[in-house]
1. Ratio to report: Rg/Rh of the chain, with Cα atoms as the point set and Rh obtained by the Kirkwood method; give two decimals.
2. Beyond 17 Å, what share of the Cα-Cα pairs of the range 104-203 remains, rounded to the nearest whole percent?
3. Can you work out the Karplus-derived ³J(HN,Hα) for every residue in the range 169-185? Use 6.51 cos²θ - 1.76 cosθ + 1.60 with θ = phi - 60°, whole Hz, and x for glycine or proline.
4. Could you work out the pair-distance distribution P(r) of the range 210-277 from its alpha-carbon pairs, with 10 angstrom bin width and percents rounded to whole numbers?
5. Straight-line reach from K22: which aspartates and glutamates fall under 16 Å, measuring Cα to Cα and dropping same-chain residues less than 8 apart?
6. Restricting to DSSP loop positions (anything but H, G, I, E, B) with no more than 16 other Cβ atoms inside 10 Å of their own Cβ, which GluC sites (Glu not before Pro) remain in the range 236-310?
7. Can you work out ³J(HN,Hα) from phi for every residue in the range 125-139, in order, using Karplus 6.51 cos²θ - 1.76 cosθ + 1.60 and θ = phi - 60°, giving whole Hz and x for Gly and Pro?
8. For the range 63-314, compute the orientation-averaged projected area of the C-alpha convex hull (one quarter of its surface), in nm².
Amino acid sequence: MNKFIRKSWAEPYKIKMVELLKMTTPVQRKKALHEAGFNTFLLRSEDVYIDLLTDSGTSAMSDHQWSGIMMGDEAYAGSRNFYHLEEVVRNIYGYKYLVPTHQGRGAENILSKVLIKKGDIIPGNMYFTTTRLHQELAGGKFEDIIVDEAHDPENEFPFKGNVDLDKLERIVKKYGAKRIPYVSIATSVNMAGGQPISIKNLKVLRAFTQKHGIRIIHDMTRVAENAHFIQQREKGYHDKSIRQIVKEICSLTDGATMSAKKDALVNIGGFLAVNDWDVFEEARNLVVVYEGLHTYGGLAGRDMEAMAIGIMESISDNHIHARVGQVIYLGEKMISYGVPIVKPIGGHGIFVNAKKFLPHVPQDQFPAQTLAAEVYLDSGVRTMERGVVSAGRKPGGENYYPRLELVRFTIPRRVYTQAHMDVIAESTARVFERRTHIKGLKMVYEPKYLRFFQARFEKL
Ligand code: F0G
C-alpha cells in the first residue's frame with residue numbers, strides 16, 4: 001500500500017452544489033437519436049441523463065477554483081493570472097516557457113506550425129484525432145510507434161502506452177533523423193484506452209532520441225493519471241508522490257501541449273510549454289495570430305487562474321486515487337456482467353470493445369457508432385465512438401481502418417456518483433443481452449475534417 005493513499009477510492013471532497021438532470025422516456029430518446037443522425041455528438045445535452053461523451057471540460061471545479069474565477073485580472077496584457085499560471089507550470093511540470101492557448105488543439109496548431117516542415121515524419125505512441133490532423137495540415141506525416149500490445153484490447157500488458165524502440169529505429173533509418181522534428185509522446189494514451197507509458201520506457205526513448213538529436217514533445221493532457229499507474233505498477237515508484245512522478249515524466253521531454261480541460265480540472269484552457277528559447281520565441285509570435293496576445297492566448301484572466309489552481313489540485317494523490325478508482329469501479333462492474341472491455345482498465349474511462357460486442361456488424365457498418373447509439377437509447381447514457389469513424393481518412397482519401405473499434409465511456413472528474421456508475425454498467429449489460437438483434441449503420445453525411453464530430457447515419 002502506498003503511503004499516500006488509503007484503500008477505498010472514496011472521494012476527498014463533499015458536494016456543495018448540484019445540477020438537476022432531465023429524465024427522458026424511451027420514446028423521447030428514440031426521437032432525439034433520429035434527429036441527431038445516430039451521432040451522440042449531435043444530441044442536445046438536455047436529452048442526456050449521464051454524459052460520458054468526454055472527460056474534456058466537463059469536470060466539476062472546486063470552491064477554490066470558483067473563488068479564483070473572481071480573482072480574474074482581465075487586463076489585455078500582463079494579467080497577474082498569467083504570471084501565476086506560468087509559475088505553477090514551472091513549479092509543477094518544470095517546463096521553462098509558457099504560451100497559453102484556448103485549448104489543446106490551439107497548442108497543437110502552433111507547435112506543428114513552428115516545428116514541422118513539409119515532408120517531415122512525426123512518430124508517436126498512437127495517433128490522436130486533432131494532434132495528427134495538425135501534423136498533417138503542417139505538411140507532416142504521422143507514424144505509429146506504440147507497442148503492438150496497445151492494438152490488442154485483451155492484452156493485459158501494464159504499459160500499453162509504451163513506445164516500441166525497434167519501430168522508431170526503423171523509421172529513423174528509413175527517413176533519417178533530420179526529417180523527424182520530434183517524437184510525439186502522449187501520457188495516458190487516449191485512443192488505446194487511457195493506457196500509460198512507463199518511466200523506464202521514456203528513459204530509453206530519451207537516450208535514443210538524444211543520440212539522434214531528436215526532440216520529444218509530450219501530449220500531457222492526462223499526465224497525472226499516467227503518473228498514478230506508474231505509482232501503482234512500476235518498480236521503484238510505489239513511494240513516490242504523483243507530484244514527483246509528474247515532474248519526472250516532464251523532465252524526460254523537451255516541451256508539451258496541454259488540454260487543461262482534462263487533468264487540470266477546468267472547463268476551458270490549454271497551453272504549449274517548451275524549454276527551448278527559439279521554439280518559444282516563434283510560438284509566442286504565432287499565438288498572436290491564432291489565439292490572442294501571449295499573456296492570455298484566447299483565455300480570460302479568470303480561466304488562467306482556475307487552471308493554475310486546477311493544476312495544483314490535479315497532482316494530489318488523494319484526488320487521483322479517487323478519480324481513477326471510480327473508473328476502475330465501473331470497469332470491474334462491466335467485466336462482472338461479461339461486457340468485453342479494453343484491459344487493463346485505463347485512467348479516464350471504460351473502452352468497450354465493439355468488435356467483440358457486435359461481432360456480426362462489419363467495421364464498415366460502424367459497430368462502435370452503432371453501440372453508442374444503442375446505449376443512449378437504452379438509458380440516456382451518452383458515450384462516444386472511437387473506431388473507424390474517429391480514425392477518418394488518410395490524406396489520399398482512403399479510410400483508416402483502425403484495429404481498435406471502441407466505444408468510450410469517459411468519466412468526467414468529480415461529477416458523478418457510485419450509483420451513477422451502477423446505472424451505466426446495468427444499461428450496458430442490458431444492451432449486451434439483446435446484442436444479436438442489433439443492426440449496423442450507414443453514413444449519409446461526412447464532413448471533411450474530424451468527421452466523427454458531425455457525421456450523420458441511418459439504420460441499416
Ligand atoms: N490530446 C489529447 C490526448 C486529447 O485527448 C485531446 C482532446 C486533445 C489533445 C485536444 O485537446 O480538445 O482541448 O483541443 N480530447 C477530447 C476527448 C476532445 O474527448 O478526448 P482540446
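1. Rounded to two decimals, Rg over Rh is 0.95.
2. 50
3. 4, 4, 5, 5, 5, 5, 9, x, 4, 5, 8, 10, x, 6, 9, 9, 10
4. It works out to 20, 44, 31, 5, in whole percents.
5. By straight Cα distance, K22 reaches E46, D47, D51, D378.
6. none
7. 8, 6, 6, 10, 3, 5, 4, 5, 4, 5, 4, 5, 5, 7, x
8. 12.8
Since every read-out is calculated from the coordinates, none of them should be taken as a lab result. Bear in mind the structure is a predicted one, so any value in this text is a computation, not a measurement. No Cβ is skipped: glycine too gets one built from the backbone with ideal geometry, and neighbour counts run over all protein chains shown.
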